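The values are calculated or read from the model by the stated rules, or taken from the named source; none is laboratory data. These numbers were taken from a predicted model, which means no experiment stands behind them. We place every Cβ from the backbone using ideal geometry, glycine too, and count neighbours over all the protein chains shown.
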Amino acid sequence: MPTVNPRRWWALLVLAAAQFMVIMDTSIIGVALPEMQRDLGFSQGDLQWVFNAYVIAFGGLLLLGGRLSDLLGARRVFVSGWSVLIAGSVVAAAASTAWVEVVGRAVQGVGGALIAPASMTLLMMLFSHDPRELGKAMALYGAAAPAGGTAGVFLGGVFTEWMSWPWIFIIYIPIGVATLLATGLLPAVAGRRGGVDVLGAIAVTAGLALTVFAVVRAPEVGWGQIETVLQLTGAAVLLVVFLFIQKASNAPLMPLGVWRTPGLGVSNLAMALLGAAWIPMWYFLNLYLQQVLGYGSFASGAALLPMTVLLMVFMTAITARLLGRFGPKPLIAGGLLILALGLVWLAAVEPTGTFVVDVLPASLVAALGMSLAYIPTLMSAISGVPQEQAGLASGIVNTTYQVGSALGLAALTALATSQGADQLGNLPALTDGFSAAFVAAAAIAAAGGLLTLLLMRKAPSAPAAESAAQPHSESVGA
């Protein structure tokens, strides 16, 4: 029988705090973006790199973080991740130019990519002795994610309005130090011998970054120009090289055989499209509130609280029950289609609009769709794999979400800019640009819902789905 750690619930508090902070790092910047743009000289099109630099580093290195956690020991990697996140926070807070800010955000993403898989490994070790305790622990750990997303939206507004935007990064320094001091509560996990697929990690991260960069730059230099063609070709070559490395490696980051698992491919496609629709919505809604409606940082953060609270309530209290009753397919498809409906509603925003009429109802509908789709998509991706590959499948689907988010934001920012979203001060033009982005995001979400209906196999039985929802429940911020 596995040894029971008497301090496991205190250790869970440390791990939940880490999950809270990693997710908050994606949402806390939202309301601060206009202030950062003015102070650091970001163009309207380049402002997305404050978000994308974190997401590319985080998503591109998640699989490597999981591998390092296995080889070096989860607690050691957890500590290293927090040390890197603190360093990135110092750089981001002290930045006086746009490129330094982007570097700081990328370093934060590297830290997050080490923390997240190490946290999951430690949690599984702490509670593997009792499936019921594991279910409770996973529910609490999962609840920390939407709580972090909610807190990030609110605290970002508080810090930006009454202090200054660097405080959204400074806050990570004392919390990170406190977390490091508390790591003695975590179990010491011995590593195991094996290789690290460094070349694979470099290839996939560089390929993703170059893809996003090419999409961001294409509207400015032209889609048919040699620069854009070479960048996209180079990105494709790097991603193909990554696949060859995985096939040839004795210790690949992503064993290609895992893709033979039924449902894994469709679930990852749905997750990519979910991220590509949701994150641009959140990004442009922040800009609409501040640049068109004239909201201050705190008011903008408060305006997004109803949406994030609805997310937290549904993901932690309702979605798992629906998953157990209906299975993943109807929730994924229905959630994506409801998200599309909310985005179409948001596309009707006006230059002279109001929060109550133009934003609140549509954002709540969109949040309902997201809360219905995310956890079932994650469960569908991992439920069919062998137990020893559950961590790998979870890492793949979370990476897919991050990559979809980055590519979706890059493409929709290019679209919004071409429709007038770069004309600061011109409220009709800004609104037209944001509206175009909402329409495109709606099309992406609707495509995800329809593809799920067409391609996903019959849902598992209710007891199986309910069982899957308990031990692996995660959520998403922003």
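Yes/no matrix, rows are residues, columns are (1) over 23 Å from THR319 (Cα atoms); (2) assigned by TED's automatic domain parsing to the domain that holds THR261; (3) at pLDDT 85 or above:
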residue: ILE338; (1), (2), (3): no, yes, yes
residue: ASP358; (1), (2), (3): yes, yes, yes
residue: LEU364; (1), (2), (3): no, yes, yes
residue: LEU372; (1), (2), (3): no, yes, yes
residue: VAL385; (1), (2), (3): no, yes, no
residue: VAL403; (1), (2), (3): yes, yes, no
residue: GLY408; (1), (2), (3): yes, yes, yes
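Take MET120 and tell me if it is surrounded by fewer than 21 Cβ atoms within 10 Å (Cβ to Cβ), at pLDDT 70 or above and not hydroxyl-bearing (Ser, Thr, Tyr). Talk me through it step by step, then tell me what you get.
Working: surrounded by fewer than 21 Cβ atoms within 10 Å (Cβ to Cβ): no; at pLDDT 70 or above: yes; not hydroxyl-bearing (Ser, Thr, Tyr): yes.
When the stated conditions are applied, MET120 does not pass them.
Return yes when PRO351 is of a type outside the set (A, V, I, L, M, F, W, C), assigned to a helix (DSSP H, G or I) and in contact with a helix residue (DSSP H, G or I) (Cβ under 9 Å, 6 or more places away or on another chain) and no when it is not. Give the derivation first.
Working: of a type outside the set (A, V, I, L, M, F, W, C): yes; assigned to a helix (DSSP H, G or I): no; in contact with a helix residue (DSSP H, G or I) (Cβ under 9 Å, 6 or more places away or on another chain): yes.
Judged against the criteria, PRO351 is not a match.
Residues being surrounded by fewer than 20 Cβ atoms within 10 Å (Cβ to Cβ) and over 16 Å from VAL403 (Cα atoms): count how many of those fall in the stretch 201-230.
The qualifying residues number 13.
How many residues does the stretch 32-60 contain that are closer than 17 Å to ILE202 by Cα and among the hydroxyl-bearing types (Ser, Thr, Tyr)?
1
Taking the criterion of being part of a helix (DSSP H, G or I), free of Cβ contacts under 8 Å to residues at least 40 places away in the same chain and hydroxyl-bearing (Ser, Thr, Tyr), would at least one residue in the stretch 68-75 satisfy it? Step through it out loud before you land on a result.
Within the stretch 68-75, the subset part of a helix (DSSP H, G or I) is 68-72, 74-75.
Now drop any that are not free of Cβ contacts under 8 Å to residues at least 40 places away in the same chain, which leaves none.
No, the stretch 68-75 has no match at all.
Could we say that GLY327 is on the phi > 0 side of the Ramachandran plot, out of contact with any strand residue (DSSP E or B) (no Cβ under 8 Å at 6 or more places or on another chain) and not charged (D, E, K, R) here? Let's see the steps before the verdict.
Working: on the phi > 0 side of the Ramachandran plot: yes; out of contact with any strand residue (DSSP E or B) (no Cβ under 8 Å at 6 or more places or on another chain): yes; not charged (D, E, K, R): yes.
Here the answer is yes, as GLY327 does meet what is asked.
Taking the stated definitions as given, is ALA32 assigned to a helix (DSSP H, G or I), modelled with pLDDT of 80 or more and either surrounded by fewer than 24 Cβ atoms within 10 Å (Cβ to Cβ) or out of contact with any helix residue (DSSP H, G or I) (no Cβ under 8 Å at 6 or more places or on another chain) (or both)?
no
Can we say VAL266 is over 23 Å from PHE434 (Cβ atoms), out of contact with any strand residue (DSSP E or B) (no Cβ under 7 Å at 6 or more places or on another chain), β-branched (Val, Ile, Thr) and assigned by TED's automatic domain parsing to the domain that holds VAL357? Can you show your working first?
Numbers: over 23 Å from PHE434 (Cβ atoms): yes; out of contact with any strand residue (DSSP E or B) (no Cβ under 7 Å at 6 or more places or on another chain): yes; β-branched (Val, Ile, Thr): yes; assigned by TED's automatic domain parsing to the domain that holds VAL357: yes.
Criteria met by VAL266.
If you go through the stretch 33-50 one residue at a time, do you hit one that is without any contact (Cβ under 8 Å) to a residue 12 or more places away in the chain and more than 15 Å from LEU409 (Cβ to Cβ)? Steps first, answer last, please.
Here is the first cut: in the stretch 33-50, the ones without any contact (Cβ under 8 Å) to a residue 12 or more places away in the chain are 37-38.
Restricting the remaining residues to those that are more than 15 Å from LEU409 (Cβ to Cβ) gives 37-38.
Yes, the stretch 33-50 has at least one match.
Does GLY142 satisfy being modelled with pLDDT under 80 and within 19 Å of the chain's Cα centre (by Cα)?
Working: modelled with pLDDT under 80: yes; within 19 Å of the chain's Cα centre (by Cα): yes.
The answer is yes for GLY142.
Please find, among LEU339, LEU368, LEU323, the residue that is assigned to a helix (DSSP H, G or I), in contact with an Asp or Glu (Cβ under 8 Å, 6 or more places away or on another chain) and farther than 27 Å from GLU161 by Cα.
Values: LEU339 fails: in contact with an Asp or Glu (Cβ under 8 Å, 6 or more places away or on another chain); LEU368 fails: in contact with an Asp or Glu (Cβ under 8 Å, 6 or more places away or on another chain).
That would be LEU323, the only listed residue that is assigned to a helix (DSSP H, G or I), in contact with an Asp or Glu (Cβ under 8 Å, 6 or more places away or on another chain) and farther than 27 Å from GLU161 by Cα.
Could you check the stretch 2-45 and list, in sequence order, the residues that are within 18 Å of ALA178 (Cβ to Cβ) and among the polar types (S, T, N, Q)?
GLN19
In this structure, does SER83 turn out to be out of contact with any Lys or Arg (no Cβ under 7 Å at 6 or more places or on another chain), touching a residue at least 12 places away in the same chain (Cβ under 8 Å), of a type in the set (Ser, Thr, Tyr) and not in a helix (DSSP H, G or I)? Outline the logic, then answer.
On the way: out of contact with any Lys or Arg (no Cβ under 7 Å at 6 or more places or on another chain): yes; touching a residue at least 12 places away in the same chain (Cβ under 8 Å): yes; of a type in the set (Ser, Thr, Tyr): yes; not in a helix (DSSP H, G or I): no.
Against the criterion (out of contact with any Lys or Arg (no Cβ under 7 Å at 6 or more places or on another chain), touching a residue at least 12 places away in the same chain (Cβ under 8 Å), of a type in the set (Ser, Thr, Tyr) and not in a helix (DSSP H, G or I)), SER83 does not qualify.
Quick check on this structure: which one of THR261, THR211, THR233 is polar (S, T, N, Q) and within 21 Å of ALA106 (Cβ to Cβ)?
Numbers: THR261 fails: within 21 Å of ALA106 (Cβ to Cβ); THR233 fails: within 21 Å of ALA106 (Cβ to Cβ).
Exactly one of THR261, THR211, THR233 is polar (S, T, N, Q) and within 21 Å of ALA106 (Cβ to Cβ), namely THR211.
Does GLU101 satisfy the criteria of being among the charged types (D, E, K, R) and more than 29 Å from LEU199 (Cα to Cα)? Outline the logic, then answer.
On the way: among the charged types (D, E, K, R): yes; more than 29 Å from LEU199 (Cα to Cα): no.
When the stated conditions are applied, GLU101 does not pass them.
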